[in-house]
Amino acid sequence: MSNRLRARQLGLLIASNFREIVREPGVLFWGIGFPILMSLGLGIAFTKKPNEIRKIAVVTPFEMVLKDTVVVSDKHLGSTTFIFEKMSWDNALVLLKRGNFNLILDQKDGQLQYHFDPMNPDAQLCFLKLSRMFQGKPEILPENAGQIQPLTVSGTRYIDFFIPGILSMGVMMSCMWGLSYGLIDKRSKKLLRRMVATPMKKSYFLLSMITVRIGMNFVESLLLVLFAWLAFGINIHVSLPALLLIFMAGNFAFAGLAVLVSSRTANTEVGNGFINAIVFPMMIMSGIFFSYHNFPDWAIPVIKLLPLTMLADGVRSIFIEGAGLFQVAQPILILTALGTLLFSAGLKVFRWY
């Protein structure tokens, strides 16, 4: 087959898959498992614990004597362990945007200053506990409890944290359900069996589906960002090359995973279980709706290795930290390599029926 015929074949397959999606725009919805698992994940992260641990960024230089760890017990506000970490203002602001800290403690003219988002209830509670603690320990800190400095710079609101996460999750869900479940459904209905008699290469068939899916994801993500900008006024610091590359790398990683999951499965119920087993843990743990630093310390290194975590962290760093191509080069390379490996494995074991 000549290169011209191959290109025409691939183009026709892309057009055919695009028409199929346009004609059936319905969205698959999980009415039972989704609410249960979502409630479970949020419950684990935000359930009140006997001893809350809160990390506070302390901007250096800091003249007052301050212990690294302080436990505050209050019959009304509960017991809280404050861990103070000294760092520069720039590092503290970046980590605050990432959700590692809720509050930044600074000192100016001998007076304490609290920098936090006034709309963040967790940060408000931290401020109340810290101000009480500082007022009750004059030998460590001055009598004045300090001044509140509302921190309203771009990137510190929850919506700024949430939009990059939901965009990344949309990529995963679109690939895993739109691509993987679509292939399994076609195989279960014996539709793929009919394609064996054609001269079509299975790699072209799969690449055409991936191409259409990436195109749809691009349009959906663009509309989401546009809506967030119009409705919430998010200020996006974007390096366009970095954003496009990590977006494509994330799409390709999950597309490769989708192909592998659906390469041999012919039963929709089994496929449903496989997909749920993959997407639900990442959706809960990868820092989409809340920072994954709410999980135990031993779990964080494992969570950072998840593809959705790498994609969400990379997109979030571009959106709210102004990261460039160099800063997100590692997740781009890892996601691209992962997608290549998974797609090659899926293509090798793929069967029509």
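Residues in segment 275-319, backbone N under 14 Å from the label point at Leu223 (7 Å along the Cα-to-beta-carbon vector): list them, ranges by number please.
none
Would you mind ranking Lys129, Lys55, Lys190 so that the residue whose beta carbon has the fewest other beta carbons within 10 Å leads the list?
The fewest-first ordering by Cβ neighbours comes to Lys190, Lys55, Lys129.
Non-local amide H neighbours of Val58 (under 5 Å, H modeled in plane, Pro and chain starts lacking H): which ones?
Distant-sequence amide H within range of Val58: Glu85, Lys86, Met87, Leu105.
Is there a pair in Lys190/Lys348; Lys190/Lys304; Lys189/Lys304; Lys55/Lys108; Lys67/Lys304; Lys108/Lys304 whose C-alpha atoms are over 32 Å apart, and which pairs would that be?
Lys190/Lys304; Lys189/Lys304; Lys108/Lys304
From the phi angles alone, apply the Karplus equation (6.51, -1.76, 1.60; θ = phi - 60°) to segment 179-187 and give each ³J(HN,Hα) in whole Hz, x where the residue is Gly or Pro.
In residue order, the calculated couplings are 9, 5, 5, x, 5, 5, 5, 5, 5 Hz.
For the pair Leu244 and Thr81, what calculated FRET efficiency results from E = 1/(1 + (r/R0)^6), where r is the Cβ-Cβ distance and R0 = 41 Å, to the nearest 0.05?
Efficiency at R0 = 41 Å is approximately 0.45.
Going by average Cβ neighbours within 10 Å, how do the peptides 243-256, 333-346 rank, with the highest at the top?
Packing proxy ranking, top to bottom: 243-256, 333-346.
So if we plug the beta-carbon distance of Val196 and Ile166 into 1/(1 + (r/R0)^6) with R0 = 51 Å, what FRET efficiency do we get, rounded to 0.05?
Efficiency computed from Cβ-Cβ geometry: 0.80.
Compute the FRET efficiency between Phe326 and Phe232 as 1/(1 + (r/R0)^6), taking r as their Cβ-Cβ distance and R0 = 30 Å, and round to the nearest 0.05.
With a Förster radius of 30 Å, E is 0.55.
The numbers here are math on the coordinates, done by the rules we state, and not lab data. Keep in mind that what you see is a predicted model, and the values were worked out from it rather than measured. Note that each Cβ is placed from the backbone with ideal geometry, even for glycine, and that neighbours are counted across all protein chains shown.
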